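Comments concern the structure below.
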Amino acid sequence: MPVRAAGGAGQVFVESPDHPQTWAAGASNIHQALRWDARKGELVVDVKYSTRDWADSAHPTQEGDYSLAFPNVHLDAASGRLTSNGTTIGNVRHGLFGSEVVLDRNVQLSIHRHEGKIHAMIIPGGDD
């Protein structure tokens with residue numbers, strides 16, 4: 001799995017090795033959410049694409065759900081901190097309605113499609 005070191009243009013903390021094929025050109029990313037999969041012990045992003053913005057009576061809405069794993073992200077159960085390659089990227093917060101993954105303020109999730117495949121990376125960004 002490509003993991004580029006900190007410092008410099010094109011920096012990536014971690015990239016998912018999963019690149020699912022999308023089914024429809026022109027679909028929009030309408031939902032994305034990070035979660036910690038305790039059963040598998042890995043960070044996962046769930047992504048939903050939809051053609052609802054372009055749907056009509058001849059072309060009904062199509063939606064596709066995709067999950068991409070980040071197996072190089074590790075959770076310290078005691079602190080709830082998420083790390084990749086020795087860099088802290090966020091934490092898992094437990095609350096009344098379950099847990100949520102919160103990236104550090106200088107870290108962001110990047111999801112894009114290239115040649116019909118979905119790519120997900122956790123990269124530097126946001127406020128320093």
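All of the numbers you see were taken from the coordinates with simple rules; none came from a lab. These figures come from a predicted structure and were not determined experimentally. Counting neighbours? That spans all protein chains shown, and the Cβs are built from the backbone with ideal geometry, glycine included.
Annotations
- Between the labelled values (i) 12, 42, 34, 10, 3, 0; (ii) 10, 28, 24, 20, 12, 5, 1, 0; (iii) 12, 40, 31, 13, 3, 0, the entry that holds P(r) over Cα pairs in 10 Å bins from 0, in percent as derived from this structure is (iii).
- In this calculation the C-beta distance from Glu115 to Ala58 is compared with R0 = 22 Å, giving a FRET efficiency of 0.25.
- Distance between the modelled labels on Ser79 and Gln11, one decimal in nanometres: 1.9 nm (7 Å Cα→Cβ projection).
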